[in-house]
Amino acid sequence: MADRVTVIGWDGSPLTGAARSALSAATLVAGAAHHLALPEVPPTAERIRLGSLGLAARRIAGHRGTAVVFADGDPGFFGVVRTLRAPEHGLEVEVVPAVSSVAAAFARAGMPWDDARVVVAHPRTLRRAVNVCRAHPKVAVLTSPGAGPAELALLLDGVHRTFVVCEELGTEREQVSVLTSDKAADHSWRDPNVVIVIGGGGALAAEPGWLLGQSPALSAERGWAHPRPDTGEGESALLHAAQLARLGPRAGDLLWDIGTGSGAVAVDAAALGAAVIAVDADPEARERVTAAARTRGVQIQVVAGQAPHVLERLPEPDVVRVGGGGAEVVAAVADRRPERIVSHASTRDEAEAIGRVLTEHGYAVECALLQSVGLDTRSWAEQDRSVVFLLAGQRPVNR
């Protein structure tokens, strides 16, 4: 095992005394090409070009001597420190931090970032990173090869955003470009880069916040599934609450709300951090959900059209609520293989048809008969009654 491991953050500034001291004693230095080319790297030290962090960590763990690992920005912020400290490597590290690339990017843009979401985009997580960009008005994306500005832009097709692309921060080749997302796919971008994604209907914070990644401008409304006007027949607030609970939308998810109606589920899902596409053929319903999203301070993409045909051009969903269209629409949704699907039915025959479709597509199906009765608390007289079948399908993990 290495006698000593020092991780040095690098942001283009001159190395600190602590960093130079660690380097002078190093018998192994790991980093990117521009790190290994620094004049302070001892000429006799073994050099490792960082590619696979896991492989490099095993090399360092097996080294007898003193090791230094370079990382761009702050190595403790989505950086190499987590990998090096993993139990399988058994490494204790000392860290010499630097300004994180996210902080540097926002500094170049002259913007505050305490209200920004920060995500890491790899090819395997790119879609989820894009969903965060759909859902929030200010997002910093730490990119990687194959999951850069062009790929972000392509997956954001139809959603307008402004990109601030910061290439090779801290180097002589540093460049900051501001452009619209529809133009970003036409460029070739240099790694490493950070992309600040800005825009949408949500409000950017204009006052100090108190929680990182949260805007104080968001509505302070507590709770979920509040009664909303103009809901469809049988679509009570309690049904919406049950559907939301079965779907479990979260940051990184994309929810389709088909037949959005009042927009109650769409708005609540967006407030939970999910990206939401609300679909409805009724222009009044689309106006309602747009107004509700504006009031709540969340972003929702509203699509006009009739399911199932309109679904063909939508990006892949994680969870779906089918508020109208019955078994035909549920079948079209199930073909896209979301993790969870919820729907409802007013009759047993309709419920059985939806349940049969979900089962045929390999989903585990739950069905419950929900009955709710509203009471006037002054007289305790019945005000309204709702009886509806709730259906929820969950795709097995291995399918």
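The values are calculated or read from the model by the stated rules, or taken from the named source; none is laboratory data. As the structure is a prediction and not an experimental result, all values here were calculated from the model. Here the Cβ is made from the backbone with ideal geometry for all residues, glycine too, and neighbour counts use every protein chain on show. Remember, those area values only see protein heavy atoms, side chains included, never the ligands or the DNA or RNA. Shrake-Rupley method; radii C 1.70, N 1.55, O 1.52, S 1.80 Å.
Computed quantities for the displayed model
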quantity: Protein accessible area in the chain, 1.4 Å probe - carbon and sulfur %; calculated: 52 percent
quantity: Area accessible to solvent at Ser101, 1.4 Å probe radius, in Å²; calculated: 30 Å²
quantity: In the stretch 1-107, the GluC sites (Glu not before Pro) that fall in loop regions by DSSP, at most 11 other Cβ within 10 Å; calculated: Glu88, Glu92
quantity: Backbone HN-Hα couplings from phi across the stretch 320-332 [Karplus 6.51/-1.76/1.60, Hz, Gly and Pro as x]; calculated: 9, 10, 9, x, x, x, x, 5, 4, 6, 4, 5, 5
quantity: Arg356-Ser24 pseudo-label distance in nm [points 7 Å out on the Cα-to-Cβ vector]; calculated: 8.2 nm
quantity: Gain on full stretching of the segment that runs from Glu287 to Leu369 - 0.36 nm per residue minus C-alpha separation; calculated: 26.4 nm
quantity: Whole-Hz ³J(HN,Hα) from phi, Karplus 6.51 cos²θ - 1.76 cosθ + 1.60, for the stretch 387-395, glycine and proline x; calculated: 10, 8, 8, 9, 10, 9, x, 10, 6
quantity: Overall form of the stretch 222-341 per C-alpha gyration tensor (a/c, 1.5; a/b vs b/c); calculated: rounded
quantity: Hz values of 3J(HN,Hα) by residue in the stretch 304-318 - Karplus curve (6.51, -1.76, 1.60), Gly and Pro given as x; calculated: 8, x, 9, 6, x, 4, 5, 5, 4, 9, 8, x, 4, x, 9
quantity: Most fluctuating residue given options Val388, Val265, Val164, as computed from a GNM of the chain linking Cα atoms under 10 Å; calculated: Val388
quantity: Spin-label pair Leu212/Arg348, simplified geometry with 7 Å Cα→Cβ offset, distance in nm; calculated: 5.6 nm
quantity: Cα gyration tensor shape for the stretch 105-173, rounded if a/c is under 1.5, else prolate or oblate; calculated: oblate
quantity: Neighbour cut-off at most 14 other Cβ (10 Å), DSSP loop, trypsin sites (Lys or Arg not before Pro), the stretch 92-188; calculated: Arg124, Arg173
quantity: Ser13-Val397 FRET efficiency (beta carbon distance; Förster radius 41 Å; 0.05 resolution); calculated: 0.35
quantity: Accessible area, probe 1.4 Å, largest first, for residues Asp282, Asp384; calculated: Asp384, Asp282
quantity: Amide proton proximity set for Asp253, modelled H, under 5 Å, gap of 5+; calculated: Ala275
quantity: Where the chain is the region considered: accessible area per residue in Å², 1.4 Å probe; calculated: 48 Å²
